[in-house]
Every structure is written in C-alpha cells, then in structure tokens.
1. Take the Cβ-Cβ distance between residue 135 and residue 47 as r, set R0 to 35 Å, and report the resulting FRET efficiency rounded to the nearest 0.05.
2. For the pair residue 85/residue 98, report the inter-label distance in nm, with labels modelled 7 Å from Cα in the Cβ direction.
3. Given bins 5 angstrom wide, list per bin the percent of all Cα-Cα distances in region 24-134, short to long.
4. Please give me, ordered by residue number, the GluC sites (Glu not before Pro) of region 1-65 that lie in loop per DSSP and have at most 16 other Cβ atoms within 10 Å.
5. Cut-off 10 angstrom, C-alpha nodes, Gaussian network model of the chain. Which of 94, 23, 32 fluctuates the most?
6. Determine the gain in length on full extension of the stretch residue 8-residue 37; use 0.36 nm per residue of separation and subtract their C-alpha separation, reporting nm with one decimal.
Amino acid sequence: MQESPFKLALRRVMGRLARRDHSEQELRQLLSDLPASVVEGVLQHCREHGWLDERRLLEQAVHSRAARGQGPRKIAFELAQRGLVGDQVREQLSAEGYDWFELAAQLAQRRQGAAPLDLAARRRLMGFLQRRGFNQDQIHYALSTLSKPGSP
C-alpha cells in the first residue's frame, strides 16, 4: 500500500523538525516536489501542533549566534537566508538582553588581549568585528574601550 502524499510530506517534515527548528521557507523548499495543496496542509498541521513556530526559531537563532559572538548584521543576514525577514527579526535583534556594543567590546578585548593597539592591529580588529556582523558605531565603541598605545 502506497503512502498518501500528505503522510509522506509530514514524515519528511517531522524528520527535519526532529533535528532542529526550520523556517516555513525551508520546509517549503524541502517539499517543493509536492503539490501546493499538500504543502499547505502539512504546514498548517505543523503550525496547529506547535511544531512550526518561527518566533521560537528567531529567539533561539539570535540567542545562539549572539552567544557565539556574532553581531546583529550577520545574524539578520543568516536569518534572511532562511526566509526570516521583517519586523519580527528587527524586534528580536533589539530585544532587551542584547547589548551589541558590549558584546563587540568583549570580543575586541578577547581578540586583542594586552597587545598594544597600533594602527595595523586596529585595522585588523575592525575587519574582524565587521566580519562578525557589527556596525561601525559598535566597532568604534569596542575600539574605544581598549587601551591606547603607551597607556597602562
């Protein structure tokens, strides 16, 4: 007996969701070979059961990436690749508990350590923080917290 398209799609989705949360866009791509009505039915079923929750996905993604030292620009870019854009992303990135300026300063301190901050080191550190996804204001703040050459 052959499995119905709905059950086949649900099994595929559940296999993915068992490993980690996925965005709706990611699940749509997974099921792109099936009819749209089946895809919509499966996604609706997952929403009703709380298995597909993009708000929860956003909270977890921002928290885990911030804990790894990634800045808001890089996090927003990665979330956009997963189909998560708009006000919810901006809201989550600006949520209390995320002090991007302080995170940038901590990363700069860890990266630079006690070494003097000459022009070349300053440029390397700026590039490092840019690649991590911090904006110019956050980078300048982080650099201002480091000791200057010749100071204690």
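Every read-out reported here was derived from the displayed coordinates using simple, explicitly stated rules and does not represent laboratory data. Please read these numbers as outputs of a predicted model, since none were measured by experiment. Virtual Cβ from ideal backbone geometry, glycine too; neighbours counted across all protein chains shown.
1. Rounded to the nearest 0.05, the efficiency is 0.55.
2. With each label placed 7 Å out from Cα toward Cβ, I get 1.8 nm.
3. The distribution over region 24-134 is 2, 11, 18, 16, 14, 11, 9, 7, 5, 4, 2, 1, 0, given as percents.
4. Here the GluC sites (Glu not before Pro) that fit, given the DSSP loop and packing criteria, are 3.
5. 32
6. On the way: separation 29, 0.36 × 29 = 10.44 nm, distance 1.36 nm.
Between residue 8 and residue 37, full extension yields 9.1 nm more.
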